[in-house]
Amino acid sequence: MKILNLLMWVGQFGFSIIFPTLFFLLVAVWLQQKFLLGGWIIVVFGILGVLTSVSTTKSCLCALRKAAEEASGQRETPISFNDHS
């Protein structure tokens, strides 16, 4: 069951990379056609889509790492005040 849970995260990771960029580009093309805007709108929305993909991917990777740590049962204990060297 733990492996299936981790496989679900892999699908989520792929979705988080692709979807924001595609969504922003589709909205940009629609706006360009609807309001007769120039090609600059595709560039602006493309950059916004890539930045959103990077942010979402970072969040997904953090969640994936946390899920993998919980599944393995090994968790790094933080250094407490008296344990540091």
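Hey, any hits in the range 61-78 for a residue that's surrounded by 13 or more Cβ atoms within 10 Å (Cβ to Cβ), part of a helix (DSSP H, G or I) and at pLDDT 85 or above?
There is at least one residue in the range 61-78 that is surrounded by 13 or more Cβ atoms within 10 Å (Cβ to Cβ), part of a helix (DSSP H, G or I) and at pLDDT 85 or above.
Within the range 31-43, can you find the residues that are surrounded by 10 or more Cβ atoms within 10 Å (Cβ to Cβ) and either touching a residue at least 40 places away in the same chain (Cβ under 8 Å) or not in a helix (DSSP H, G or I) (or both)?
The answer is L37, and nothing else.
Condition first: of a type in the set (A, V, I, L, M), more than 22 Å from E70 (Cα to Cα) and touching a residue at least 12 places away in the same chain (Cβ under 8 Å). Now tell me which residues in the range 1-30 satisfy that.
I17, I18, L22, L25, V27, A28, V29 - these are the residues of the range 1-30 that are of a type in the set (A, V, I, L, M), more than 22 Å from E70 (Cα to Cα) and touching a residue at least 12 places away in the same chain (Cβ under 8 Å).
In this structure, does S16 turn out to be among the polar types (S, T, N, Q) and loosely packed, with under 14 Cβ neighbours inside 10 Å?
It is false that S16 is among the polar types (S, T, N, Q) and loosely packed, with under 14 Cβ neighbours inside 10 Å.
The values are calculated or read from the model by the stated rules, or taken from the named source; none is laboratory data. Note that the structure is a prediction, hence the values are computed from the model and not measured. Virtual Cβ from ideal backbone geometry, glycine too; neighbours counted across all protein chains shown.
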